[in-house]
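Structure first, then comments.
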Amino acid sequence: MSKIWDFVEEYSILLIAGALTALFWANTSPESYHHLVHFELFHGGPIGHLHDDGHGHVSRSFTLHFLVNDLLMAFFFAVAGKEVWEAVALKNGSLRGKKALTPLIATAGGMIGPVTIYLLGAFAVGKFAILANGWAIPTATDIAFSYLIGRIVFGAGHPAVGFLLLLAIADDAVGLVILAIFYPQGELAPEWLLVSIAAAVLVYLLFNKLPRRMDRGKQDRPNSTWVRKKLSWWPYLIAGAVSWFAFHKAGIHPALGLLPIIPAMPHADVDYGIFAAEEVHQNDLLNVSEHSLKRPVEFILFGFGLMNAGVEFSSVGAATTMVLAGLLIGKPLGIWLMGSFAAKTLKLGLPEGMKQSDLFVLGCVAAIGFTVSLFVASVAFPAGAVQDAAKMGALLSFGAAGMSIVAGILFKSKQGADTKTAAGPETGLEPAE
């Protein structure tokens, strides 16, 4: 777990610093802040946001916002995607087998609950048509911050912390699919995805499978060693650039563009768990590449906070309420209901030492959306009042931390970690005596 703690301490501190800087700047000098965000680095190139001059001429504008959200954030999603890939694809992956079924079903509840509350709320206030496209904003769970609060609420040794990590990474995996399918960034041109697939297949065959095939029967593995030492991750970076451009041209958010390259990279056959500390000792190219991205991603997240969290406090509106309702009400209820259904009705059970009431507390912790919620808000709505109001809801979801601590005290969740109470037929959400 130490790796996750380092992840929280380092990545989150810079992310929070960027977000707080943006909030202060946007509320003291909004004009200069928005000038920075939309500052144009160059115009008319092959990549960038589409820009219509009002006279029928469409070109692309490469702004600081595009640089951070569309280009650099691809490395952040690559790190998250790597953990998802290992958890799903490797034989002993964390999201494989019966052990992952209850967290996965609870994840479904953590998606369905927020969407239902958000859409019903938007309909109830008479703004369904305006707000409907933001339905995915409250489905997100911020892995780093949720883990931090989870440790405070449950204690480091509580099995609910591992359950939370499984749920959060599955949540992010579904979130990546939602971004790709439901939030296109322009006119869809899916034929370009063939270019991305071709780049992934080609780099896998030439720089992964072929050297290993040539090394059959050779203990010193000369070809694989040469490729590893001389070429390192460069072929995959080039293939990633091609894949990123293909996503951009396909109309799918290019921040997801590096994901097809991850399975092509040489990787260990063992998954030690999500952000496990043991991965530090893995010398396969996939893990080494993740380690080398650590420092750059810290600063990328600072830039993301700076570019996206700058909303004025006067921006609070209906979208703020709906996002918060989805996260603070829909998440806990959805996770508790579906998790209980999996554990009791389907008899899949819970990890030893975890009570059914812990599912509700865990749902409160998972209600911290922040990073991914901000990202989805930035693509769900065009720049303006509605987007700012939705972003404010994502920022205010930090309130789930306080709600989680109170719920943890009421249901004596931390006591469960100390006593290691075996999972049993506990029912309902009655606080422990």
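A few remarks follow.
- Across the range 239-246, computed HN-Hα scalar couplings (Karplus, 6.51 cos²θ - 1.76 cosθ + 1.60, θ = phi - 60°) run 4, x, 5, 5, 5, 4, 5, 5 Hz from first to last residue, x flagging Gly and Pro.
- Summarising the label geometry, the points placed 7 Å from Cα in the beta-carbon direction at VAL288 and SER29 lie 4.5 nm from one another.
- The length gained on full extension between TRP226 and ALA124, counted as 0.36 nm times the residue separation minus their Cα-Cα distance, comes to 30.4 nm.
- Footprinting exposure proxy for HIS65, HIS43, HIS51, HIS57 (fewest neighbouring C-beta atoms within 10 Å first): HIS57, HIS43, HIS51, HIS65
- Sorted by Cβ density within 10 Å, fewest first, the residues THR141, THR21, THR321: THR21, THR321, THR141
- Shape metrics for the chain, restricted to C-alpha atoms - Rg then Dmax, Å: 22.2, 70
- Coupling constants for the range 109-123 follow from the phi torsions by the Karplus curve (6.51 cos²θ - 1.76 cosθ + 1.60, θ = phi - 60°), and in residue order they are x, x, 9, 5, x, x, 4, 4, 4, 4, 5, 5, x, 4, 5 Hz; glycine and proline get x.
- Cα-centred dipole magnitude for the chain, charges only on beta-carbon of K, R (+1) and D, E (-1), debye, nearest 20: 1260 debye
- The simple Förster model, with R0 at 45 Å and r as the Cβ-Cβ distance, assigns LYS99 and ALA180 a FRET efficiency of 0.95.
- Based on the Kirkwood approach, the hydrodynamic radius assigned to the range 187-252 is 13.0 Å, with every pair of different Cα atoms included.
- HN-Hα J in Hz across the range 35-47 - Karplus 6.51, -1.76, 1.60, θ = phi - 60°, x for Gly and Pro: 5, 5, 4, 9, 4, 8, 7, 7, 10, x, x, x, 10
- Among LEU237, LEU395, LEU176, the largest mean-square fluctuation in a Gaussian network model of the chain (Cα springs under 10 Å) belongs to LEU237.
- Annotation: amide H-H contacts under 5 Å for ALA367 (H modelled 1.01 Å from N, sequence separation of 5 or more, or interchain): none.
- The simple Förster model, with R0 at 56 Å and r as the Cβ-Cβ distance, assigns ALA385 and ARG295 a FRET efficiency of 0.95.
- Tally of Lys pairs whose C-alpha atoms are under 27 Å apart, taken over the range 187-252, 8 or more apart or cross-chain: 5
- Other-chain or far-sequence residues with amide H under 5 Å of GLY353's (modelled H): ALA422, ALA423
- Selection from SER12, GLN219, PHE182 lying farthest towards where the dipole of the chain points positive, charges on Cβ: GLN219
- Interchain or long-range residues, amide H under 5 Å from ARG60's placed H: GLY44, GLY45, HIS51
Rule-based calculations on the coordinates, nothing more; no lab input. The model shown is predicted, which means the values in this text are computed figures rather than measured ones. When we count neighbours, we look across all protein chains shown, and the Cβ atoms used for this are built from the backbone with ideal geometry, even at glycine.
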